[in-house]
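Below is one structure, written out as structure tokens; the observations come after it.
The values are calculated or read from the model by the stated rules, or taken from the named source; none is laboratory data. Small disclaimer: the values here were computed from a predicted structure and weren't measured. Areas reflect the complete protein model, heavy atoms only, side chains present, ligands, DNA and RNA absent. Shrake-Rupley method; radii C 1.70, N 1.55, O 1.52, S 1.80 Å.
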Amino acid sequence: MYRVVQVLNNNIAIVKKNHEQAIAMGKGLVFQKKKGDLLSEDAIQNLFVLKSEESKQNFSFLLKDVPLDFITTAYEIIENAIHNYQYSVQEYIYVTLTDHIYWNYKKLMKGEYQNSLLPDISKQYPKEYQIAKDGLRIIKERLDIAFPEDELKNISIHFINAQGKTPEPVTTPADAYEEQQRVMQIIEEALRKRNIVRTEKTQNFYDRLMIHLRYMLERTEEERVDEFAEKMEEDLKKDYPDAYSVAEEMYRIIVENTGLKLHAGEKVYFTIHIQRLL
């Protein structure tokens, strides 16, 4: 049996069993349930173990208003990548990919869908591109949504950015957490000076960027050399100079304040999201 820690909506709750927290999903799973109530394992359709407090906060904040079928569809796309392509991902993709699919669906329904800023990456990242193709098929089968083929690039970049082993659960020392908060505050202040702030219109992109930044500050892997990412960086620098300038400042703040070795793909990611925020 699982005990309810927090009800997110009728279909989703944060639950706990043996001191381990997870996201439990199921149609009407927690209808008329409240904190402290028990759930049987048979009633749960999907279960995603939360490895950190950060994950709990991100799921609670971003996914509480997302319909269950979008969450389970994104979950299936990621699990397909892990099991069928042996593709290792970091935990935050469960939040960002779900948010991306739902947000773009709403844009598609309003006739406001925008094509990606990215060039074709199918040859440079064939595995991620194939995962994205599977993703569009799964979305069509589960949600009956036919996204434009251009969406292949967007889904691919989510996997490229989230590639890597999810860290084992650890307790972040208080001083390390405070240092991360300090760096985040410096970045947010730098964005504010350029009139880039979180508003009702920009909250999806802004929140996704902040989540990526928080997880990035916890990473310890070595710098990756990616010639295509470096080429993409040069193209974005030329096509979107204002967004690239902001991305470059963010990159500098992180390197100077943390000593992390960042790869060119991070500037690409920053530039794309800053361009949308602008």
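The calculated P(r) of the stretch 82-213, using every Cα pair and 10 Å bins from 0, goes 10, 34, 34, 18, 3 in percent.
Note on the stretch 107-157: semi-axes of the ellipsoid equivalent to its C-alpha gyration tensor, largest first and rounded to whole Å, are 19, 15, 6. Calculated on the Cα set of the chain, radius of gyration then Dmax: 18.9, 56 Å. Solvent-accessible area assigned to carbon and sulfur over the chain amounts to 46 percent, based on a 1.4 Å probe. Listed here are the pairs Lys107/Lys153; Lys123/Lys153; Lys238/Lys267; Lys106/Lys201; Lys133/Lys238; which of them are more than 20 Å apart at the Cα? Where the Cα-Cα span goes over 20 Å, the pairs concerned are Lys133/Lys238. Residues in the chain average 51 Å² of solvent-accessible surface per residue, probe 1.4 Å, ligands and nucleic acids excluded.
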